[in-house]
């Protein structure tokens, strides 16, 4: 735990700073309906960093930052000058053109450069784990200054006039935006910066109005950053990509939860989920009857959650073969992981292995991987033969489950616009008077 805190606390603090400024800017971007301006300016900043890289400036140097900022401010001039086109051509179209041209130009610049692919990957995904205290000390006051300036000028930005006044306020917004994006891309990469900008702001606008949107966006962004950093550490995944996927999952969860606030909507969603599950079960029943030896995603998922499902159709002999193959496959996988850890420790601890040791480890790894693949083939073949033998039984069970899950009451609901037939009450017979 202490190692994790020592590694992650500084990136987490930086994530809080990035969430604070980018959520505020994201609300402004969504209000102006220029959602992809961040991607465009971030790609322009990446193009400037790429040009600096080709001219011999280190990636994190002041020269690289100066080139990125100059390119970004030039793009801000273009965006502010073309705002008047919006009556005929949506500004989002120009934003897309800027992004595409900047991305293509960056690829052209690094085409002949050594390690050009790694440079592009670094610009896209970044590496927030390499953040230093000096980076945090630089961007925190800078972002605070930009945020205060935009907050003080928010009224003028919202109702800028015509002519030169309108151009100046538009340029002020895009210039401030460009300064933030240039600094953020150097630390977190293009994709993560876009996630910081749009996703918390979108969730805030979905759930609240006014200034509460900002607070909701901040809370969501900090929570998603914490989860993404923790997941990347626990599962040893690339940090930037993991955080981007975490932000995307957060937006998906927020979109699912939002309609459930209404009881009627929740009931509709529940019925829709039951229909989806029933259709998936019915499709799986038909697929296993038609092609039992092919992949069966639903049945495989059920077996992963509850291995008892596999025991229901495997014979005793088949189950023994499957269990032995699984144990051997896990054993070979553990041995391969042990050798990989040994090689990694020798590399990081400054005790490199000899060439003969490296060749020996490589040979063992190849052997272990081949043996593991052989055991996995045995497992697949045993399951395929068993499923072929009992495919009609499994298909029938899945079909019965589909019928049990399907909400049959939906079939009694009339189509919208159709009127229910009127029931005519029988009139009482006239009494003799």
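The values are calculated or read from the model by the stated rules, or taken from the named source; none is laboratory data. What you are looking at is a predicted structure, and each value in this text was computed from that prediction instead of being measured. Every residue, glycine among them, receives a Cβ derived from its backbone with ideal geometry; neighbour counts consider all protein chains shown.
Worth pointing out:
- When residue 372 is tested against the conditions (1) within 30 Å of residue 278 (Cα to Cα); (2) modelled with pLDDT of 85 or more, the lone failure is (1).
- Residue within the range 180-203 that is free of Cβ contacts under 8 Å to residues at least 60 places away in the same chain and surrounded by fewer than 22 Cβ atoms within 10 Å (Cβ to Cβ) present: no
- Listed by position, the helices (runs of 4 or more DSSP H) inside the range 288-367 whose residues that are surrounded by fewer than 14 Cβ atoms within 10 Å (Cβ to Cβ) and at pLDDT below 80 number at least 3 are 316-348.
- Test: residue in the range 240-248 that is free of Cβ contacts under 8 Å to residues at least 24 places away in the same chain, part of a helix (DSSP H, G or I) and more than 15 Å from the chain's Cα centre (by Cα): no
- Condition met for residue 152 (in contact with a helix residue (DSSP H, G or I) (Cβ under 7 Å, 6 or more places away or on another chain), at pLDDT 75 or above and more than 22 Å from residue 220 (Cβ to Cβ)): no
- You will find that of 419, 423, the residue that is exposed (fewer than 10 other Cβ atoms within 10 Å of the Cβ), under 25 Å from residue 268 (Cβ atoms) and at pLDDT below 65 is 419 and no other.
- Flag set for residue 206, criterion: at pLDDT below 90 and part of a helix (DSSP H, G or I).
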